[in-house]
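The values are calculated or read from the model by the stated rules, or taken from the named source; none is laboratory data. For clarity, every value in this text was computed on a predicted model and none was experimentally measured. Cβ placement follows ideal geometry from the backbone for every residue including glycine, while neighbour counts extend to all protein chains displayed.
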Amino acid sequence: MTTPAREPWNPYAVLAFALLMPGAGHVAVGQPQRGFGFAFFSLLLALVSWHTTTPEHSFIGRSAAGLFVWAISIPDAYRLARMKYELWRKNRR
């Protein structure tokens, strides 16, 4: 007898986590290595762009590369959560 799979995170909750911190949505979905990768490269690229721009640029401009990676991670975490949730829902029937 197999045990029923536990209900995965709601995709909207994962989306909220992904919006709060880079990689947090991936950790919630169960892919901590991927989340760590996004968090690491967000920070690394933010630091690189910070040090390669001048103080006249805004905070957003100075950390644009890291924010770009963070922005890419948000729909990725949501997509993974949605796929996992839909597969769970389909197999529950």
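Considering (1) aromatic (Phe, Trp, Tyr); (2) under 24 Å from GLU86 (Cβ atoms); (3) out of contact with any Pro (no Cβ under 8 Å at 6 or more places or on another chain), say which one PHE38 fails and leave the rest. The one condition PHE38 does not meet is (3).
When segment 8-32 is examined, which residues are found to be in a helix (DSSP H, G or I) and within 8 Å of ALA81 (Cα to Cα)?
Filtering segment 8-32 for residues in a helix (DSSP H, G or I) gives 11-20, 24-29, 32.
Once the filter is applied, which keeps residues that are in a helix (DSSP H, G or I) and within 8 Å of ALA81 (Cα to Cα), segment 8-32 yields PRO11, VAL14, VAL29.
Restricting SER49, SER73, SER42 to residues that are in a helix (DSSP H, G or I), among the polar types (S, T, N, Q), modelled with pLDDT of 95 or more and surrounded by fewer than 19 Cβ atoms within 10 Å (Cβ to Cβ) narrows the list to SER49.
Looking only at residues in segment 52-70 that are assigned to a loop (DSSP other than H, G, I, E, B) and small (Gly, Ala, Ser), which one is farthest from ALA24 (Cα to Cα)?
So the first thing to find is which residues in segment 52-70 are assigned to a loop (DSSP other than H, G, I, E, B), and the list is 53-58, 63.
Now restrict to residues that are small (Gly, Ala, Ser): 58, 63.
Working: SER58: 26, SER63: 19 Å.
Among those that are assigned to a loop (DSSP other than H, G, I, E, B) and small (Gly, Ala, Ser), it is SER58.
Can you find even one residue in segment 1-14 that is surrounded by fewer than 20 Cβ atoms within 10 Å (Cβ to Cβ), in contact with a Gly (Cβ under 8 Å, 6 or more places away or on another chain) and either aliphatic (A, V, I, L, M) or free of Cβ contacts under 8 Å to residues at least 24 places away in the same chain (or both)? Within segment 1-14, not a single residue is surrounded by fewer than 20 Cβ atoms within 10 Å (Cβ to Cβ), in contact with a Gly (Cβ under 8 Å, 6 or more places away or on another chain) and either aliphatic (A, V, I, L, M) or free of Cβ contacts under 8 Å to residues at least 24 places away in the same chain (or both).
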